[in-house]
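Read the figures in this text as sums done on the coordinates, not as results from a lab. Nothing here was measured: the structure is a model prediction, and the numbers come from that model. No Cβ is skipped: glycine too gets one built from the backbone with ideal geometry, and neighbour counts run over all protein chains shown.
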Amino acid sequence: MNHKKIAIVTGASRRKGIGTAICRELAQQGVNLFFTHLTKYDQKTGYDDAEDKWPEQLKRELLEYGIEVGHMELDLSKENASTVLLNEVERILGQPTILINNATHCVDVNFSKLTAMILDDHYAVNVRGTCMLSTEFAKRLQGRQAGRIVNFVSGQDKSPEPGNLAYVTTKGAVSAFTKTLAMELAPYQITVNAIDPGPTDSGWMNTEIQQFLKPKFPMGRIGVPEDAARLVSFLVSDTASWITGQIIHSDGGFRD
């Protein structure tokens, strides 16, 4: 019988993305994986590494670590997304004990361009998608095994981010959700934490952006997806069982 941990990682559509780095890191630790992807969204957004064949390529790569792997295309804005995903994970791999809410929706917009539709699109994925998947995951797990939930937020807890109003508003909601859900799930030994990885070179930075951002990192380099992935690996480990309700700014001391 396979007693390896089972993790869900949402948003692993691109080879340069944080989701892919998390999958690789957890695979190295022997964790069975189920990842989601929505390649058409990343292609629409303009990422050059959003490839239709990438999910299957990633699956083959992860299988080389001797783990079990599943994946599916999933639009987290759909109301039944959490149920569809968890049913599929349980069918293919079994009961997951780790949930990484990495998938996100982001369109840069300031107050003059904000519309109800833009805000609703952000809310559907970043808030409702994260909240419903987390709570459904916890309901299925409570009282059976310890668990780990890791959310991804932005730097909105540190400083304002003008020009990104819808995104930081919904990510701020995730920060608040993380802290309160952590208290509700603590009696069940399910920890809930959030990571702010800071500006990360995950496929969206050109040379001009890199040159602009690098001086803002006192450690002398820009963050990479592997930085976030290593922290995720720690937070989902048994060693981190006493850490919950935290918003961790793992950003190399970034100051805007």
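If you filter region 97-120 down to residues that are within 30 Å of Glu25 (Cβ to Cβ) and out of contact with any helix residue (DSSP H, G or I) (no Cβ under 7 Å at 6 or more places or on another chain), you find that the one that is surrounded by the most Cβ atoms within 10 Å (Cβ to Cβ) is Ile98. In this structure, Ser233 qualifies as of a type in the set (S, T, N, Q) and touching a helix residue (DSSP H, G or I) at 6+ places or on another chain (Cβ under 6 Å).
Once region 1-28 is narrowed to residues that are of a type in the set (Val, Ile, Thr) and assigned to a helix (DSSP H, G or I), the residue that is surrounded by the most Cβ atoms within 10 Å (Cβ to Cβ) is Ile22.
The requirement of being surrounded by 14 or more Cβ atoms within 10 Å (Cβ to Cβ), over 15 Å from the mean Cα position of the chain (by Cα) and within 19 Å of Val84 (Cβ to Cβ) is satisfied by Glu136.
Results for (1) of a type in the set (S, T, N, Q); (2) under 20 Å from Leu33 (Cα atoms), shown as yes or no for each residue.
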| residue | (1), (2) |
| --- | --- |
| Glu64 | no, yes |
| Ile92 | no, yes |
| Thr97 | yes, yes |
| Asn101 | yes, yes |
| Met117 | no, no |
| Gly129 | no, yes |
| Ala138 | no, yes |
| Arg148 | no, yes |
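Residues in region 162-180: is at least one closer than 27 Å to Val89 by Cα and among the aromatic types (Phe, Trp, Tyr)? Checked against the condition, which is being closer than 27 Å to Val89 by Cα and among the aromatic types (Phe, Trp, Tyr), region 162-180 yields at least one hit.
If you go through region 97-139 and keep only what is closer than 19 Å to Ala12 by Cα and assigned to a loop (DSSP other than H, G, I, E, B), you end up with Thr97, Asn102, Ala103, Thr104, His105, Cys106, Val107.
For (1) more than 21 Å from Ile18 (Cβ to Cβ); (2) in contact with a helix residue (DSSP H, G or I) (Cβ under 8 Å, 6 or more places away or on another chain); (3) among the charged types (D, E, K, R), each residue gets a yes or a no:
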| position | (1), (2), (3) |
| --- | --- |
| Gln142 | yes, yes, no |
| Glu161 | no, yes, yes |
| Ala166 | no, yes, no |
| Phe177 | no, yes, no |
| Pro197 | no, yes, no |
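Restricting Asp238, Asp251, Asp227, Asp201 to those that are touching an Asp or Glu at 6+ places or on another chain (Cβ under 8 Å) and of a type in the set (D, E, K, R) reduces the list to Asp251. In summary, helices (runs of 4 or more DSSP H) completely within region 140-247 and bearing 3 or more residues that are under 30 Å from Lys5 (Cα atoms) occur at 165-185, 225-235.
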